[in-house]
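Right, one structure below, let's go through it.
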Amino acid sequence: MSKSFERYQKRKLISSYFSVILSIGLVLFLLGILGLLVLNTKKLGDHFKEQITVSVFLKDTAKPVEIDQLQKSLAMAAYTKEAVFVSKEEAAEQHSEDIGENFIEFLGYNPLKNSIDVTLKADFVSPEQMEEIAKNINTKTYVHEVSYDKPLISLLNNNVKRIGFWILVASGVFTFIAVLLINSSIRLSIYSKRFIIKTMQMVGATKKFIRLPFIWTNIKLGMLGALIALIALGGVLFYIDTTFPELHLFNDTLSLAIVFSGVFILGILISLVSTFFATQRFLNLRTDELYY
């Protein structure tokens with residue numbers, strides 16, 4: 001009978017530990033994802049900004065030397081990530097593929113112009129700076145027009161700022177919720193041992209002596225939960241990096257180190273603080289209050 005009761009108690013203890021580890025792991029995983037979003041908001045915004053192209057259309061009278069000089073000067077400019085010359089023939093071929101028919105045969109001539117497609121660095125993708133860049137390029141006598149999507153620039157900049165703000169707000173809220181959830185799980189785990197705590201106290205054990213085993217046990221549970229969260233986080237990062245290699249997530253080792261170490265330390269700290277206050281609460285209760 002006693003052996004079966006011991007087995008029951010052991011299974012109950014393991015189940016209690018497992019629920020604590022799982023709750024810590026899940027919450028820390030969500031916090032890790034939010035931490036990565038916070039640190040990579042600018043990188044994601046920069047990635048989308050650098051997809052915008054400024055098309056510099058050239059006059060038919062533009063000489064090859066002038067075109068070559070303009071392309072080189074644009075490529076060397078501080079605001080340029082890449083400058084690619086697109087001939088009117090290449091543009092016509094691409095346009096025909098897009099619309100599904102050869103429009104040159106229908107029109108009898110190629111109305112398109114030679115152009116240089118300029119991809120800007122993210123720091124220069126703003127309405128004011130792009131307007132200034134377009135104005136400077138337009139001073140060339142052989143430039144017909146500088147074209148880019150002005151409404152998209154304004155929309156993109158506003159959305160990047162808005163998304164960054166709401167990610168910070170969500171991170172703060174989820175951090176608070178995470179602390180509450182982990183604290184509740186640990187308190188429930190200690191609640192089941194409240195009679196043991198009071199018995200030890202009644203036979204003369206000091207508060208520190210009673211507290212230490214609980215703190216050390218829950219720190220180990222916090223570390224295990226953090227490790228589970230980090231493994232899951234690593235899997236998600238690998239999937240995203242494989243799907244979107246242009247983001248170069250694994251190249252930013254500093255951000256990854258901050259998030260991974262932050263998740264691990266947070267798992268330990270929350271477990272430590274929650275266990276301290278939970279045990280302190282039951283240590284301060286009177287015997288008759290343990291039943292409520």
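Check which residues have an amide H placed less than 5 Å from Val86's amide H, if you skip close sequence neighbours.
Excluding prolines and chain starts, which carry no amide H, the hits are Ser115, Ile116, Asp117.
So if I restrict to the alpha-carbon atoms in the range 212-267, what is the Rg, and what is Dmax, the biggest pairwise distance, in Å?
In Å, with Rg to one decimal and Dmax whole: 14.2, 49.
With a 10 Å radius around each residue's Cβ, average the other Cβ atoms per peptide and rank 88-96, 60-68, 273-281, 212-220, highest first.
273-281, 212-220, 88-96, 60-68
Got a number for carbon plus sulfur as a percent of the chain's accessible area, 1.4 Å probe?
Working: 11800 of 17950 Å².
After summing per-atom areas, the C and S share lands at 66 percent.
Taking every Cα atom in the range 161-287, find the radius of gyration and the maximum pairwise distance Dmax, and write them in Å.
19.3, 64
Before anything else, pin down the relative contact order of the range 128-271: Cα pairs under 8 Å, at least 6 apart, normalised by residue count, whole percent. Provide the component values of the computation, followed by the final result.
Working: 48 pairs, mean separation 36.8, N = 144.
Relative contact order comes out at 26 percent.
In whole Å, largest first, what are the principal axis extents of the Cα atoms in the chain?
100, 37, 29 Å, listed from the longest principal axis down.
Provide the packing ranking of 23-34, 119-130, i.e. peptides ordered by the mean count of other C-beta atoms within 10 Å per residue, highest first.
In decreasing order of mean packing, 23-34, 119-130 become 23-34, 119-130.
Among the lysines, which fall within straight-line cross-link reach of Lys198, defined as a Cα-Cα distance under 18 Å, with same-chain neighbours fewer than 8 residues apart omitted?
Lys207, Lys208
Going through the cross-link list Lys43/Lys88; Lys81/Lys161; Lys140/Lys161; Lys49/Lys72, which pairs have a Cα-Cα distance over 27 Å in this structure?
Lys43/Lys88; Lys140/Lys161
Under a 5 Å amide H to amide H cut-off, with H placed in plane at 1.01 Å, what residues pair with Leu120 once short-range neighbours are removed?
Close amide H contacts, sequence-distant or interchain: Val54, Lys81.
The values are calculated or read from the model by the stated rules, or taken from the named source; none is laboratory data. Note that this is a predicted model, so its numbers are computed, not measured. Every residue, glycine as well, gets a Cβ built from its backbone with ideal geometry; the counts of neighbours run over all protein chains shown. Remember, those area values only see protein heavy atoms, side chains included, never the ligands or the DNA or RNA. Shrake-Rupley method; radii C 1.70, N 1.55, O 1.52, S 1.80 Å.
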